[in-house]
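*Asks:* Dumping the structure here so I can ask a few things about it.
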Amino acid sequence: MNQHVTAETAADFHCDVLVVGGGPAGSTLSTLLAQAGRDVVMLEKAHHPRFHIGESLLPANVALLEQLGVRGEVEAIGMPKWGVEFVSPQHAHKAYVEFADAWDKTMPYAWQVRRSDFDEILFRNAAAKGARTFEGRRVRDVAFDDRGAPVSVELDDGARQTWRTKYVVDASGRDTLLAQQFKSKHKNPRHNSSAVYGHFTGAKRLAGKMEGNITIMWFEHGWFWFIPLADGTTSVGVVCWPYYLKARSVPLVEFFRQTIALCPELAGRLADAQLVGDEVHATANYSYSGSIGCGERYLLLGDAYAFIDPVFSSGVYLAMQNAFAGVDVVNATLDRPERAAAARARYKKHLDHGPREFSWFIFRVTNPTMREFFMAPQNPMRVKEALLSLLAGDIYGKTPIWGSVRILKALYYAVSIGHFGRTWRAWQRRRLNIRDVEAPAP
Ligand SMILES: Cc1cc2nc3c(=O)[nH]c(=O)nc-3n(C[C@H](O)[C@H](O)[C@H](O)COP(=O)(O)OP(=O)(O)OC[C@H]3O[C@@H](n4cnc5c(N)ncnc54)[C@H](O)[C@@H]3O)c2cc1C
């Protein structure tokens with residue numbers, strides 16, 4: 001590769017905070033720090049607008065967008081999402097839930113967004129609020145020394161720069177820059193799935209207000225998402241177990257079409273639809289978390305720290321919440337070092353809270369007992385309202401859902417024990433499903 005030192009590189013690049021990655025996490029933290037007058041630089045390896053998967057937002061995200069000052073812009077590109085439709089091969093009916101029925105009724109909707117547009121809005125907003133933002137800058141290495149952190153950066157043309165910063169924020173998403181460097185990234189032993197996805201025009205959608213709802217459809221080898229976007233395109237993806245993806249013997253586009261055919265409801269909705277550009281993407285083995293969330297001069301957030309299965313559309317929201325929580329750690333480190341250790345301890349708790357609460361449900365979402373709960377939701381002791389609040393992302397504030405969440409979990413265990421044979425078979429099946437598979441399954 002043509003790597004050379006440019007005139008630009010010879011200059012000394014300085015900032016107080018250097019943010020690696022201009023996705024939702026990096027852009028949010030950069031905006032908040034810049035708004036408070038901090039000297040912040042954000043480096044993004046790609047150029048916005050760039051493709052990204054992950055298009056369904058949660059209602060609790062709306063307040064964060066409001067605080068960043070971009071709610072109107074996102075609303076203008078978004079498809080209103082008022083709830084979730086569940087489709088199960090074991091049930092003749094379809095189930096519909098609405099966020100308006102959650103514990104807190106003040107956050108009834110979110111949006112489905114094309115991520116290239118959404119991420120660009122957040123990125124440009126950071127610049128508008130005072131962050132110095134650069135695209136086409138890939139961070140290659142972060143070294144920590146007595147004076148701060150020299151950061152080695154590669155430009156699109158292969159040229160190199162070295163930045164010097166007091167503090168590094170790793171928002172590099174699934175590239176997991178620092179976690180790779182620290183060897184602190186661990187594959188989740190309790191979950192293992194892969195995704196294949198594409199976009200369709202002409203898909204048959206729900207009618208009226210429900211048009212923008214996300215649909216989750218279970219099938220034998222995992223589940224599908226159906227996410228209607230505002231421009232008429234519909235994002236469709238399958239999240240499947242490793243054995244299923246590894247057994248693929250045809251090109252990915254063909255495999256995707258064959259997989260869709262295994263779900264009659266989805267096949268029906270796509271009967272007259274066109275796959276945009278005949279383009280299909282795949283992401284394999286993607287649940288992980290890091291053991292290091294922050295240190296004396298760095299913090300990790302969003303996918304750079306942890307990634308959980310996207311069945312509840314939590315990724316963007318968790319990434320942005322991490323950014324809001326991370327501000328305190330950066331400020332304490334730079335302004336009140338005596339408070340930094342306590343701020344880091346709080347932040348580490350915060351980082352683990354979201355993935356843990358969602359994961360309890362993710363690990364069980366294909367279990368027949370849990371599926372019953374989603375297909376026929378009941379509300380004794382407000383368990384349905386609490387679950388909907390969790391699905392809306394209302395897990396960091398003061399909404400008192402946790403007693404009812406515990407009751408829901410107790411009900412789950414009680415029903416599972418009551419159907420011991422079914423539970424045992426589902427558990428055995430899940431153990432097989434999440435195992436790594438090197439060769440095609442028999
Ligand atoms: C199949 C699938 C479906 C999903 N569905 C949903 C969904 O419906 N709803 C939802 O909320 N979430 C979903 N997610 C998750 C969601 O996409 C992520 O959680 C979210 O994008 C995390 O934001 P982030 O800012 O941490 O990382 P990203 O959005 O990945 O941003 C990271 C940025 O850093 C840049 N970067 C990486 N390395 C470097 C480097 N070395 N130097 C400079 N820049 C760098 C990248 O180019 C990127 O722009 C899904 C994920 C997958 C895989």
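*Asks:* Of all residues in the stretch 172-185, which are touching a Phe, Trp or Tyr at 6+ places or on another chain (Cβ under 8 Å) and within 11 Å of the ligand (Cβ to nearest atom)? Explain how you work it out, then say what you get.
*Replies:* Filtering the stretch 172-185 down to residues touching a Phe, Trp or Tyr at 6+ places or on another chain (Cβ under 8 Å) leaves 174, 176, 178-179, 185.
Within the stretch 172-185, Arg174, Thr176, Leu178 qualify.
*Asks:* With the condition kept exactly as written, say whether any residue in the stretch 49-59 is more than 8 Å from the ligand (Cβ to nearest atom), within 30 Å of Phe224 (Cα to Cα) and touching a Gly at 6+ places or on another chain (Cβ under 6 Å). If you could, list the steps in order and put the result at the bottom.
*Replies:* Looking only at the stretch 49-59, we keep the residues that are more than 8 Å from the ligand (Cβ to nearest atom), and these are 49, 51, 59.
Now narrow it down to the ones that are within 30 Å of Phe224 (Cα to Cα): 49, 51, 59.
Pick out the ones that are also touching a Gly at 6+ places or on another chain (Cβ under 6 Å) and you get none.
No, there is no match, as no residue in the stretch 49-59 is more than 8 Å from the ligand (Cβ to nearest atom), within 30 Å of Phe224 (Cα to Cα) and touching a Gly at 6+ places or on another chain (Cβ under 6 Å).
*Asks:* Continuing with this model, one more query. Of all residues being among the aromatic types (Phe, Trp, Tyr) and more than 24 Å from Val17 (Cβ to Cβ) in the stretch 319-370, which is surrounded by the most Cβ atoms within 10 Å (Cβ to Cβ)? Just the residue, please.
*Replies:* Phe358
*Asks:* Which one of Ala126, Ala92 is at pLDDT 95 or above and either assigned to a helix (DSSP H, G or I) or more than 30 Å from Val17 (Cβ to Cβ) (or both)?
*Replies:* Details: Ala92 fails: at pLDDT 95 or above.
Exactly one of Ala126, Ala92 is at pLDDT 95 or above and either assigned to a helix (DSSP H, G or I) or more than 30 Å from Val17 (Cβ to Cβ) (or both), namely Ala126.
*Asks:* Within the stretch 30-48, restricting attention to residues that are assigned to a loop (DSSP other than H, G, I, E, B) and more than 20 Å from Val113 (Cα to Cα), which residue is farthest from the ligand (Cβ to nearest atom)?
*Replies:* Gly37
*Asks:* Of all residues in the stretch 118-171, how many are in contact (Cβ under 8 Å) with a residue 60 or more places away in the chain and near the ligand (Cβ under 10 Å from one of its atoms)?
*Replies:* The number of residues fulfilling the criteria is 16.
*Asks:* Report yes if some residue within the stretch 197-208 is within 15 Å of the ligand (Cβ to nearest atom) and among the β-branched types (Val, Ile, Thr); otherwise report no.
*Replies:* no
*Asks:* On to the next question. One residue is enough: does the stretch 210-225 have a residue meeting the conditions open to solvent by less than 10 Å² (accessible area, probe 1.4 Å) and more than 16 Å from the ligand (Cβ to nearest atom)?
*Replies:* Yes, that holds for at least one residue.
*Asks:* Report whether or not Gly54 is in a loop (DSSP other than H, G, I, E, B), under 20 Å from the mean Cα position of the chain (by Cα) and either at pLDDT below 95 or surrounded by 21 or more Cβ atoms within 10 Å (Cβ to Cβ) (or both).
*Replies:* So Gly54 passes the test.
The values are calculated or read from the model by the stated rules, or taken from the named source; none is laboratory data. Model, not experiment: these values are computed from the prediction. Cβ atoms come from the backbone with ideal geometry, glycine included; neighbour counts cover every protein chain shown. Ligands, DNA and RNA are excluded from the accessible area calculation, which covers all protein heavy atoms including side chains. Shrake-Rupley method; radii C 1.70, N 1.55, O 1.52, S 1.80 Å.
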